[in-house]
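Read the figures in this text as sums done on the coordinates, not as results from a lab. What you are looking at is a predicted structure, and each value in this text was computed from that prediction instead of being measured. All Cβ positions, even for glycine, are placed from backbone atoms using ideal geometry, and neighbour counts span all protein chains on display.
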Amino acid sequence: MTEVVSKSQSSEHDYDAVVVGAGIAGLYAVYKLREMGLRVRGIEAAPAVGGTWYWNCYPGARVDSQSYIYQYWFSDELIQEWDWQERFPPQAEVERYLNFVADKFELRDNFAFETRVTSADWDNDAQCWLIGTDQGESLSSRYFISCTGMLSEPKTPHFPGKESFQGTVVHTARYPREGLDLKGKRVGVIGSGATGIQLIQTIASEVEHLTVFQRSASYGVAMRNDQFDDAARDHWRSKSAELQEKVNNSFVGFDYSFENGSWYDHTPEQRQHVLEEKWQEGSLSMWVGTYPEMFTDEAVNEEISCFVRDKIRARINDPAIADRVIPTTHGFGTYRVPLENGYYDVYNRDNVELVDVKSAPIESFTAKGLQTSEKEYPLDVIIMATGFNAGTGSLARMNIRGREGLSLTDEWNKDIRTTLGLQVHGFPNLFTVAGPLAPSAAFCNMTTCLQQQVNWVTDCIAYLRAEQVKSIEPTEAKQDEWVDHHDEVANATLLAATQSWYTGANIEGKPSRLISYIGGVNEYHRICDEVQASGYEGFTKI
Ligand code: NAP
């Protein structure tokens, strides 16, 4: 331990690093910092590890990335020991994996569970963070690293009359761990994004009656989910070095990229062939492995959207229902594309009803169910699959104050600005893994981007300690440079105009900006490496 951090040994509440979150990023960050010899404390609101995969235990929750790239790369032993069961594992399997990691590397002892950070104040004289928790603790730490995930703060619409409803109301991200008995019940699901789709397709056959309250339709891609045997596992294990290299150098952190060249270099027959081939793969390669022009060129996007609309239409018996389930107000891929596994087929069932709440919005709860502007729907259980206050939500809740009392919440209420999504001007030694304006915010296979970001942060901390630098913070000019670049890339795409959590449009009053960097994971890594190699040029070091 260097002199710079020797203050950290002065009391049991003084740490070199505090990491918030025991999900994919938090576990890895704690592991790495501990390996570097730092006194590190993890803080987690849940009673157990898992992060997203702890909280989102609703029926049908499943990862849309293939298991063999949705994993840690830092330990070959771990890669050899863990047996993935499926191509796209369910929530319980990913949660088991993260528990396995926590056990194997003895990470639990470094965490305080069932604890929330309630304040974090930068002490400029001591050059450290003073951190308060809801357990009444006060900690000090040189570095404050948030690994709270992009989608942690559930968005729950406030329809009046909730207290009068006699049934059960839950949000998918706070689904009861013991489950809910939905058999024989009249269930209403609000929301038909990636979460709603997984939930609806899973519970439709179990419930007595399912009412789907849909405001916007989603383009789902039919998932091809293979079960893995030992031979399949051996195959993917033997490729792990190659896969790691591939995902880190790809456009969105997957083992596929836009490898077909330009749309305009292909004949209509070739394009059809590529789209059909990608569709048959049954993965997100249909989204981020066809043609790059899909994101920038309206005409190309419309042709690909038509291809997907036809696929959806073929699944639904009633053309009138198909018309409502097929998206027309946004183009394919301009918003997160969910994989689906029987979703569209549920609309062929007699016990499923689709209610369009765009034309007739939900107005209130009643004692018996939900009231739209047209009629009342009697329900026993209401499940909100209504999404999240993405990116900024969980950070805003921690009441983070930087130099001269600057409030991160207030700053981001005005304008969401970061440097590489990793640091914020005015907040020394705050590192925001999965923060806004990085690919990890939405446009990446999460394990790829989270590991790269944790590596960047821990390399930066190693540098600061070696150079006896107490704090680091981007200059305003450096931050402006990154935000300008981010905006330039974002505004050249069709994504910047979507009305979704991608642009903050799902939260009233949230400043509008594409939350995720869309210049490519490969390009982002190059820029991060360049910053590091330059000795953090454009950053103030004290
Ligand atoms: P979401 O995409 O934001 O969808 C929320 C849904 O709720 C939308 O259909 C929205 O309609 C609707 N909604 C919100 N407020 C409403 C209101 N007042 N009245 C009626 N409808 C309302 O949230 P999500 O489905 O939870 O997905 C969020 C993200 O989580 C995904 O994009 C994905 O990145 C991630 N995710 C990943 C996986 C996976 O890997 N397999 C699974 C699930 C989720 P509008 O669109 O009209 O606002």
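Summary of values
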{"quantity": "Beta bridge orientation in the chain: antiparallel %, DSSP, nearest 5", "calculated": "40 percent"}
{"quantity": "The chain, relative contact order in percent, only Cα pairs under 8 angstrom and at least six apart counted", "calculated": "19 percent"}
{"quantity": "GluC sites (Glu not before Pro) within region 259-364: DSSP coil, no more than 13 neighbouring Cβ in 10 Å", "calculated": "Glu259"}
{"quantity": "In range of the label at Glu114: residues from region 17-54 whose backbone nitrogen is under 18 Å from the point 7 Å along Cα→Cβ", "calculated": "21-22, 42-51, 54"}
{"quantity": "Reachable lysines from Lys183, criterion Cα separation under 24 angstrom, eight or more residues apart if same chain", "calculated": "Lys162, Lys368"}
{"quantity": "Principal-axis tilt of helix 298-313 within the chain, Cα atoms, nearest 10 degrees", "calculated": "60 degrees"}
{"quantity": "3J(HN,Hα) from dihedral phi, region 509-521, Karplus parametrisation 6.51/-1.76/1.60, rounded to Hz, x for glycine, proline", "calculated": "x, 6, x, 8, 6, 4, 6, 10, 5, 10, x, x, 4"}
{"quantity": "Fewest-first sequence of His158, His486 by Cβ atoms within 10 Å of each Cβ", "calculated": "His158, His486"}
{"quantity": "Dipole of region 78-184, positive end: most advanced residue of Trp82, Gln135, Pro160 [Cβ charges, Cα centre]", "calculated": "Pro160"}
{"quantity": "Computed magnitude of the charge dipole of region 1-148 (debye, nearest 20; Cβ of K, R +1, Cβ of D, E -1)", "calculated": "200 debye"}
{"quantity": "Student exercise, the chain dipole from Lys, Arg, Asp, Glu Cβ charges, in Debye to nearest 20", "calculated": "1060 debye"}
{"quantity": "At most 14 other Cβ within 10 Å, DSSP loop - chymotrypsin sites (Phe, Trp or Tyr not before Pro), region 87-127", "calculated": "Phe113"}
{"quantity": "Rg over Rh [alpha-carbon atoms, Kirkwood Rh] for region 258-356", "calculated": "1.00"}
{"quantity": "Segment Asn225-His485, extension gain: residue separation times 0.36 nm, minus the distance between their alpha carbons", "calculated": "89.8 nm"}
{"quantity": "Proximal lysines relative to Lys239, as straight alpha-carbon distance under 27 Å, when same-chain residues fewer than 8 apart are discounted", "calculated": "Lys32, Lys104, Lys278"}
{"quantity": "Under 12 Å from the Cα of Lys478 - aspartates and glutamates, other chains or at least 8 residues apart", "calculated": "Glu537"}
{"quantity": "Positive-pole candidate from Gly188, Ala390, Asn248, dipole of the chain, charges at beta carbon", "calculated": "Gly188"}
{"quantity": "Estimated inter-spin distance, Ser262 and Lys104, nm [label 7 Å along Cα→Cβ]", "calculated": "4.5 nm"}
{"quantity": "Disulfide-incompatible cysteines by the Cβ rule (no partner under 4.7 Å) in the chain", "calculated": "Cys57, Cys128, Cys147, Cys306, Cys460, Cys528"}
{"quantity": "Cα-based shape type of region 127-227, given that a ≥ b ≥ c are square roots of the gyration tensor eigenvalues and the cut on a/c is 1.5", "calculated": "prolate"}
{"quantity": "Charge dipole (debye, nearest 20) of region 332-390; +1 at Cβ of Lys and Arg, -1 at Cβ of Asp and Glu", "calculated": "200 debye"}
{"quantity": "Cleavage-rule hits (trypsin sites (Lys or Arg not before Pro)) in region 93-180: DSSP loop, at most 13 neighbouring Cβ within 10 angstrom", "calculated": "Arg177"}
{"quantity": "Diffusion coefficient, µm² s⁻¹, Stokes-Einstein with Kirkwood Rh over alpha-carbon pairs of region 31-165 at 37 °C and 0.692 mPa s", "calculated": "187 µm²/s"}
{"quantity": "Largest-first principal axis extents of the Cα set of the chain (Å)", "calculated": "72, 60, 48"}
